[in-house]
Amino acid sequence: MGNEDFAYHKMVLTDYSCCQFYYSFDINNYFITDLKNKMMKKFISVVIILFVIILFSCGSTSSNDAKKDIATSSDQTSSATAAGNEASFSCILDGRKISRTGTDQNINAAFHLTGDDKGKIVFRLSNLDNAGEKFQFEVPGKVGATTTNNFIGYTNSDMAPYLDNPITVVITSINNSGISGTFSGTYILQKGWENTNSKQTIEVTDGKFDIPFSTSADWKKLYHAE
């Protein structure tokens, strides 16, 4: 073999080796790149999953806190409502037993009057859901018995007014929070209502009440109360 042939074969072998090297390099580079891409995808997936878990955890904590706040608020509201609704009264009216509870700070609540009526207490007893039928009282603001006449003390469900004839109210307890006592007697239909279906006289017995003083500034202003 001549020197030229030898050089030619050497060059071919060298080119072949270079090709093998570059091919091997490209293959390795491909796998490395592919591996990096897969690892990056996995890394991103893990980050997303962790983010979702953290977000869900924070949302759950916030939701639980919100539920606790709502529950606490609800409990406080219930307690406040219960405290504000500690009112009750009962009686037997013309043989019919009546028993009611609750107050809206006007119905089944008492007021200390001012001005010319200072020293007196006024209150109305009724059903909160149907205030048409009602008992009304105006008595001295002290423990003891009071008998009233010709005062519109009762109105029936047909809005017919009745006068005390007479009615006796006994205040058995009074303090800054409220009053309690009893009432009984007879009501007579006011003149001018005789042609209605309302009875002429009605008897009330075994009347009892236990109500708070109103805390409503608006109602106090309307009643000229303190």
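What follows draws every value from the coordinates through simple rules; no lab data is involved. Treat the numbers as computed from the prediction; the structure is a model and nothing was measured. Using ideal geometry, Cβ is built from the backbone for each residue, glycine included, and neighbour counts are taken over all protein chains shown.
Only residues that are touching a strand residue (DSSP E or B) at 6+ places or on another chain (Cβ under 6 Å) and either part of a helix (DSSP H, G or I) or not hydrophobic (A, V, I, L, M, F, W, C) (or both): list them for segment 114-139, please. Across segment 114-139, the qualifying residues are Lys120, Arg124, Ser126, Asn127, Lys134, Gln136, Glu138.
When segment 116-129 is filtered for residues that are loosely packed, with under 14 Cβ neighbours inside 10 Å and over 16 Å from Gln105 (Cα atoms), the ones remaining, listed by number, are Asp116, Lys118, Gly119.
Residue by residue, here is whether (1) in contact with a Cys (Cβ under 6 Å, 6 or more places away or on another chain); (2) touching a residue at least 24 places away in the same chain (Cβ under 8 Å); (3) more than 19 Å from Ser99 (Cβ to Cβ); (4) crowded, with 17+ Cβ neighbours inside 10 Å holds:
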residue: Ala131; (1), (2), (3), (4): no, yes, no, no
residue: Gly144; (1), (2), (3), (4): no, yes, yes, no
residue: Ser157; (1), (2), (3), (4): no, yes, no, no
residue: Ser173; (1), (2), (3), (4): no, yes, yes, no
residue: Gly181; (1), (2), (3), (4): no, yes, no, yes
residue: Asn197; (1), (2), (3), (4): no, yes, yes, no
residue: Gly207; (1), (2), (3), (4): yes, yes, no, yes
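Please determine whether any residue of segment 179-194 is assigned to a strand (DSSP E or B) and closer than 18 Å to Asp117 by Cβ. Taking every residue of segment 179-194 in turn, at least one turns out to be assigned to a strand (DSSP E or B) and closer than 18 Å to Asp117 by Cβ.
Just to verify a result, which residue in segment 153-178, among those that are of a type in the set (S, T, N, Q) and part of a strand (DSSP E or B), is farthest from Ser216 (Cα to Cα)? This residue is Asn165.
Is it fair to say Asn150 is exposed (fewer than 13 other Cβ atoms within 10 Å of the Cβ), among the polar types (S, T, N, Q) and at negative phi? Step through it out loud before you land on a result.
On the way: exposed (fewer than 13 other Cβ atoms within 10 Å of the Cβ): yes; among the polar types (S, T, N, Q): yes; at negative phi: no.
No, not satisfied.
Just one of the numbered conditions (1) in contact (Cβ under 8 Å) with a residue 60 or more places away in the chain; (2) out of contact with any helix residue (DSSP H, G or I) (no Cβ under 8 Å at 6 or more places or on another chain) is not true of Ser177: (1).
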